[in-house]
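Please read the structure below before turning to the comments.
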Amino acid sequence: MTLDPQTPQTTPPGEGWEQIEDIGFLDLVGPIWRRRAGEVYHYGFRAEPRHANLNGVVQGGMMMTLADRGMGRTVRIAHDDRPVATVHFSYDFIAPALIGHFIELHPKITRQTGSLVFMESVVMDGETLIGRANGVWKKLKAKPKTD
C-alpha cells in the first residue's frame, strides 16, 4: 500500500521519516515509517480507523505487527541485510493506542550470539509508554525455500 505522503491522516509527525515499501501482509496494514535515531531506526505508523478493535482503540495484533516488523528489520540491518527469522516474541500491553495518533517503536539489541539476536523495545504514543516487546531472532544463511 503506497499512500500519498502528503495525506495528514497517515503521515508521521516531525521530519526525517521515510515510508518503508513492503509487500504481503504489511502492504495491507501499513504504511510503516522509519526514522534514524542514532545507530538504529525508530519505526511507526499512524493509527487509522481501519486499525480499530471493538473497543475503538488499535487492535492488539497491529501493535504486535509493528513490533515484530521493526525489531526484525533492526536485526536484519545488524546482520548485514541478510535474512532473519523470529523464534520468540512477546508483547506487553500497557495502555491503549488511540486512533489518529502516531505510534512509535524504539528497538534495542540487548545481546548477540553467533546465531541469535536478543531484543527489547518500547512502544510509545508521544511521551506515553503504551507497550513493551521482547524477542529473539535467528540469523539465517539464506531465505527459507518456498516451494
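Close Cβ contacts (under 7 Å, 6 or more residues apart or on different chains) running from residues in the range 61-89 that are closer than 26 Å to Ala47 by Cβ to residues that are outside any strand (DSSP E or B) and not basic (Lys, Arg) comprise Met62/Val29; Met62/His51; Met63/Ala97; Thr65/Val29; Arg69/Leu26; Thr86/Asp68; Thr86/Gly72; Phe89/Asp68. Annotation note: of Ala52, Ala47, Ala97, Ala67, the sole residue that is under 24 Å from Lys138 (Cα atoms) and small (Gly, Ala, Ser) is Ala67.
Within the range 103-124, identify whether any single residue is within 26 Å of Trp17 (Cα to Cα) and not in a strand (DSSP E or B), and answer yes or no. Within the range 103-124, not a single residue is within 26 Å of Trp17 (Cα to Cα) and not in a strand (DSSP E or B). Close contacts from the range 115-136, counting a first residue that is touching a residue at least 24 places away in the same chain (Cβ under 8 Å) and a second that is surrounded by fewer than 17 Cβ atoms within 10 Å (Cβ to Cβ) and not in a strand (DSSP E or B), with Cβ to Cβ under 7 Å and a gap of 6+ residues or different chains, come to Thr128/Ala95; Leu129/Ile94; Ile130/Ile94; Ile130/Ala95; Gly131/Ile94; Arg132/Ile94. Quick one: would you say Arg69 is of a type in the set (D, E, K, R) and in contact with a helix residue (DSSP H, G or I) (Cβ under 7 Å, 6 or more places away or on another chain)? Yes. Once the range 90-102 is narrowed to residues that are in a loop (DSSP other than H, G, I, E, B) and in contact (Cβ under 8 Å) with a residue 40 or more places away in the chain, the residue that is nearest to Thr65 (Cα to Cα) is Ala97. Say we look at the range 59-94 and pick out the residues that are closer than 24 Å to Pro13 by Cβ, out of contact with any Leu (no Cβ under 7 Å at 6 or more places or on another chain) and hydrophobic (A, V, I, L, M, F, W, C); which of these is surrounded by the most Cβ atoms within 10 Å (Cβ to Cβ)? Once the filter is applied, the top-ranked residue is Met71. Counting only residues that are touching a His at 6+ places or on another chain (Cβ under 7 Å) and in a helix (DSSP H, G or I), the range 43-81 holds 1 of them. It is to be established whether one or more residues within the range 104-111 are hydrophobic (A, V, I, L, M, F, W, C) and at pLDDT 95 or above. For the range 104-111, residues hydrophobic (A, V, I, L, M, F, W, C) and at pLDDT 95 or above: present.
The values are calculated or read from the model by the stated rules, or taken from the named source; none is laboratory data. The structure presented is a predicted model; accordingly, all values stated were derived computationally and were not measured. Every residue, glycine among them, receives a Cβ derived from its backbone with ideal geometry; neighbour counts consider all protein chains shown.
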